[in-house]
Amino acid sequence: MQGDEAIAGEGPVPENGWAARPLILAGLGLVAGFVVHCILGPGFHNNLTTLQASSVTGVVFVAGLAGFTLERRLWWWSLLFAAALALVGALVVAWNGTPEDWSVGEGWRMVSLLLAVAVAAPLFQAARDEGARRFPYESVHDHAWTNVVLWFACWVFVGIVFALAWLLALLFDLIKIDFLKELLEKDWFWRSLIGLAFGAALGLLREHDGVVRLLQRVVAMVLAVLAPVLAVGLVLFVLALPFTGLNALWEATKSTTPILLFCVAGALVLANAVIGNAPDQERRFPLLRYGAMGLAAVMLPLAVLATIAISLRTGQYGFTPQRLWAIVFVALACLWGGAYLYALIRGRLDWAARIRPLNLVLAFVVCGVALVLATPLVSFNAISTRDQLARLESGRTPSAKFDWAALAFDFGKPGRAALQRLAASGNPLFRARAIEVAKAPNRWVVEHGDTRIRLREELTKRLRILPKGAQLPPELRDQISASAACTGGFTCTLVFIGTEALLFKDVCFKPSSTRPVARHEDIRAFGVIDYCRVEARYALANGKWGPATWPQTANSQLEKAARAKGYAAGGIEIRPVQRRQAFVGGVPVGEAFE
């Protein structure tokens, strides 16, 4: 009966409804989760083999794409599409090699692959709906927004499922029934549960199309309302630049490019939330409409500023894989910003009708570029290695300021190969440093070594040695440079007295009127700051300089026992002791040595 088809006001099942789809997708997710567990094995793995990484990619892609695209009509198209892209994804990951050997920049290849798949899915869904290689913008845009909403909604459902499962597990654990708790701690179970929950949520939401479209409309409405807010901010920012100048912007080149790119991405999303996927869905309220136009107008100027910022940084420090990825993103931002500004100039108030087909063209461009960059066809590591080596060998980048850690750990195989060539270089400075870096187990050791070198160089400018003409032993230089006594702009004095050396901080012995005032945090940490003391004491033993011991209170067990026994017996007396202490200008400084 017709009344049986409607439940709680949901209405009849739509034409593209498929009652079995929730069960199919739940089963598919369960199988995918368990297969992923079988590939990975128990426990967490920081390093995967090439076969494991490519296999997991293939399984996740085929299950995920089938879940998002599967329809009763032309269901085999969806399966073929999912299988084809899963095979491409697995081959791309295998082509990239063992994840253990991936550099920092190569992680972006996976991001590129995911972006290509995310763009390809709505294009396929639109063509499938048409039954031909046609891509109506309304259909592509609608599927893209729906997929995004489904993705986030399904993960929220997964989180709720796990929260509920753990609540029940803890509840039963109160009465000593810990079966469910132990089950949730098993890798095969929680991995399978993720797949099951995600697949079930995806199937249920896709079967209740009205709920998804309601969520989609709510999200689009919220984003559209935010469009004028962002537009006002970005327009004011661009208009203020001629008056404030660009110097402050370039001084923050590390953060300038990503901030500007995020602004362009935000403008793109919010502007599309306003124009919708068809003329009848475009929001005509003047505030929203002009807000979207403002966003379209500032996208290109912001992208150009990002281009200048990344150009300045690469001009100063050369190419790195991260900067090359930033250049790609900036180029896409300029392409999108140019298209939106062109549509705005040519279309004026009717600019949305011009930008929709351009959006479709740009989607194909992004999909193709992302797929190519996901492969090793373009090696940002090799480009960066060549550029950095050229700067080092030409002297543009001194060896002391060269990022040896990046060459060893960030540039992948090309960087390590270049390090081996430098280890056989005719330049003794390059050769010694390359051999040292090649032996380092991680980048921290290299960076720590670079810091030591810099501190040693700075120490020669900050340290006065007495008596004049005395030589500073290398091991003593390393120990002083590694301490905090002569860093942060402080100058020091090292005095050799026989087989001992005393280190003083110069600022401690200035007249009281010129001494720095103790900071509140120093007072909290140390009580009262004593500016006149020996910062460190060193002694020569067995031909090597090392830190000398300071007087220690009796803390051994035997000393404590003797002290307690004597105290109880009244054995308290005063004895004369001979002490050694530093004197400056005839005045004792700090504690006695012994």
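The values are calculated or read from the model by the stated rules, or taken from the named source; none is laboratory data. Keep in mind the model is a prediction, meaning the values are calculated, not measured. As a convention, Cβ positions derive from the backbone with ideal geometry for all residues, glycine included, and neighbour counts pool all protein chains shown. When the accessible area is computed, the model is the full protein with side chains, heavy atoms only, and any ligands, DNA or RNA have been set aside. Shrake-Rupley method; radii C 1.70, N 1.55, O 1.52, S 1.80 Å.
For the reader, a short list of remarks on this structure follows.
- Straight-line cross-link partners of K439 among the lysines, defined as a Cα under 18 Å from its Cα and at least 8 positions apart when in the same chain: K413.
- Loop-located trypsin sites (Lys or Arg not before Pro) in region 272-327 (DSSP state other than H, G, I, E, B) with a sparse environment of at most 14 neighbouring Cβ atoms within 10 Å: R284.
- Paired Rg and Dmax values of region 141-225, which use every Cα atom, in angstrom: 16.7, 53
- Estimated distance in nm for a label pair at A564 and A390, the labels positioned 7 Å out from Cα along Cα-to-Cβ: 7.5 nm
- Close amide H partners of A536, meaning residues 5 or more places away or on another chain with modelled amide H under 5 Å apart, are L503.
- Computed E for V218/I572 - FRET, C-beta separation, R0 56 angstrom, nearest 0.05: 0.10
- Centre-to-centre separation between the Cα atoms of region 57-129 and those of region 344-409: 22 Å.
- Angstrom value of the Kirkwood radius, inverse mean 1/r, which spans all Cα pairs in region 182-231: 13.6 Å
- Converting phi to 3J(HN,Hα) with the Karplus coefficients 6.51, -1.76 and 1.60 and the offset θ = phi - 60°, region 287-300 yields 4, 5, 5, 6, x, 5, 5, x, 5, 5, 6, 9, 4, 5 Hz in sequence order, with x at every glycine or proline.
- When a 1.4 Å probe is rolled over the protein heavy atoms, the share of accessible surface on region 103-170 that falls to carbon and sulfur comes to 78 percent.
- Computed extension gain for V269 through N427, at 0.36 nm per residue and net of the alpha carbon distance, reaches 51.6 nm.
- Nearby lysines by direct alpha-carbon distance to K176 (threshold 23 angstrom, same-chain neighbours under 8 apart not counted): K186
- Each Lys and Arg Cβ is given +1 and each Asp and Glu Cβ -1; about its Cα centre, region 150-299 then shows a dipole of about 340 debye.
- Cα shape, region 83-146, gyration tensor, a/c 1.5 rule: prolate
- Between R73 and W190, the contour length at 0.36 nm per residue exceeds the Cα-Cα span by 38.8 nm.
- In sequence order, calculated HN-Hα J values of region 220-228 (Karplus, 6.51, -1.76, 1.60; Hz; x Gly/Pro): 4, 5, 4, 5, 5, 5, 7, 4, x
- Residue-span extension gain [S311 to K544] - 0.36 nm each, minus C-alpha spacing: 78.9 nm
- Label-to-label distance, nm, for residues given as L168 and L183 (7 Å Cα→Cβ offset): 0.7 nm
- Per-residue ³J(HN,Hα) for region 89-95, Karplus 6.51 cos²θ - 1.76 cosθ + 1.60, θ = phi - 60°, Hz, x for Gly and Pro: x, 5, 5, 5, 5, 5, 5
- Average accessible surface for region 52-137: 44 Å² per residue, computed with a 1.4 Å probe over protein heavy atoms with every protein chain in place.
- FRET E, pair A278, C38, Förster distance 45 Å, beta-carbon r, rounded to 0.05: 0.50
- Measuring r between the beta carbons of V378 and Y290 and using R0 = 41 Å, the FRET efficiency lands at 0.50.
- Relative contact order of region 43-152, defined on C-alpha pairs under 8 angstrom at six or more residues apart (%): 27 percent
- Rg and Dmax of region 180-312, based on Cα coordinates, read 21.4, 65 Å.
- Reciprocal mean inverse distance between Cα atoms of region 79-210 - Kirkwood radius, Å: 18.0 Å
- Between T397 and L392, the built amide H atoms are under 5 Å apart, and every one of these is 5 or more places off in sequence or on another chain.
- Approximate spin-label separation L466-D478, in nm, with each point projected 7 Å along Cα-to-Cβ: 2.8 nm
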